[in-house]
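Please treat every number below as a calculation from the coordinates, not as lab data. Just so we're clear, the structure is a prediction, and the values are computed from it rather than from any experiment. Cβ: placed from backbone, ideal geometry, glycine included. Neighbour counts: every protein chain shown.
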Amino acid sequence: MDRLRPEAFLGGRMVLDVAAAERAIGRLGATMGLDIRTTALGILRVANEHMIQALRVISVRRGLDPRDYSLMSFGGTGGLHVCALAEALGM
């Protein structure tokens, strides 16, 4: 997927174990008959959809249309998701 640099995980304070991640995602995918890449993309889509729904709830509940605003990311993985979220919300 190449979304994270294993050697720079947590600012280089921790090395991401790519093999372990692939094994875990591979096991999950195998139960659904999917390859690792398809499974990983599915995980990302589900995570993004949960965030999209949360953003809709907090904006629409306040009478705000997300399309009238810009989305700003924050936190450790904000930049990995912000573009997909903004696109889905028409921002």
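Some values worked out for this structure:
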{"read-out": "Residues satisfying the stated conditions in segment 52-85, i.e. closer than 18 Å to Arg3 by Cα and among the hydrophobic types (A, V, I, L, M, F, W, C)", "value": "Phe74, Leu80, Val82, Cys83, Ala84, Leu85"}
{"read-out": "In segment 11-43, the residues that are among the aliphatic types (A, V, I, L, M) and touching a residue at least 24 places away in the same chain (Cβ under 8 Å)", "value": "Ala40, Leu41"}
{"read-out": "Tally, over segment 33-73, of residues that are more than 24 Å from Ala21 (Cα to Cα), assigned to a loop (DSSP other than H, G, I, E, B) and more than 13 Å from the chain's Cα centre (by Cα)", "value": "9"}
